[in-house]
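A short worksheet on the structure shown next.
Nothing in this text is a laboratory measurement; each read-out follows from the coordinates by a stated rule. Bear in mind that the values here come from a model prediction, so they are computed numbers and not experimental data. In this analysis, Cβ positions are derived from the backbone assuming ideal geometry, glycine residues included, and neighbour counts consider all displayed protein chains.
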Amino acid sequence: MNHPSGVLAEGVYDITIDWPVFLSQLFGFAVIVFVAVKWIVPPVKTLMAKSQEVVRKQLEESEQAAVRLTEAKRAYDNALAQAQAELEVLRADAKADAESIIAQMREAAAAEVDRVRKQGRAQILQLRRQMIRDLETDLAAAMLELTEEKVRNRVSTPQAKSDSIERFLEDLEALANSGSGVQRQVQPRWN
């Protein structure tokens, strides 16, 4: 169904081939392909080769990193086991040290308690003696004050004053009458 005028189909769609345009476009396409193959493909190939090399190196490094990771895990596990063992030794040593320190502290505390008890007993004894002296002094002062008050109460009445003056004068007269050399002590009778 080739039509000499270059019409391929008739009807709703009119498709025609314009040979000069077709050949110029085909030539332009061939030039583009030639330029792409000549100047674009080689740099792209080298870039792809370089990126493939980079990827290959990264894969190798990744494998080496995986090996190092495995070795590091083993080393970590070994170090962890050693640390656990050392921790147990340290705990045992610390417990022994703590027990010896506690024993020393108890001994020191017992000695300090004995020293404080002795010092406290001595201080209590000293305070007791001081308190007894103070109480004796206070008691003597209170007795003296009470006696003075009783004497004042007895002497404060006019009758008691005149009686005591009479007794004093009688004692003086008796003393004056017995002036022969015999001295007798006069005791007041105020009670």
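Would you check if A176 is loosely packed, with under 10 Cβ neighbours inside 10 Å and without any contact (Cβ under 8 Å) to a residue 40 or more places away in the chain? Spell out how you get there, then give the answer.
Values: loosely packed, with under 10 Cβ neighbours inside 10 Å: yes; without any contact (Cβ under 8 Å) to a residue 40 or more places away in the chain: yes.
It is true that A176 is loosely packed, with under 10 Cβ neighbours inside 10 Å and without any contact (Cβ under 8 Å) to a residue 40 or more places away in the chain.
Pairing residues of the stretch 130-155 that are without any contact (Cβ under 8 Å) to a residue 60 or more places away in the chain with residues that are surrounded by 10 or more Cβ atoms within 10 Å (Cβ to Cβ) and not in a helix (DSSP H, G or I), at Cβ distances under 8 Å and at least 6 apart in sequence or on separate chains, gives V151/W190; R154/W190; V155/W190.
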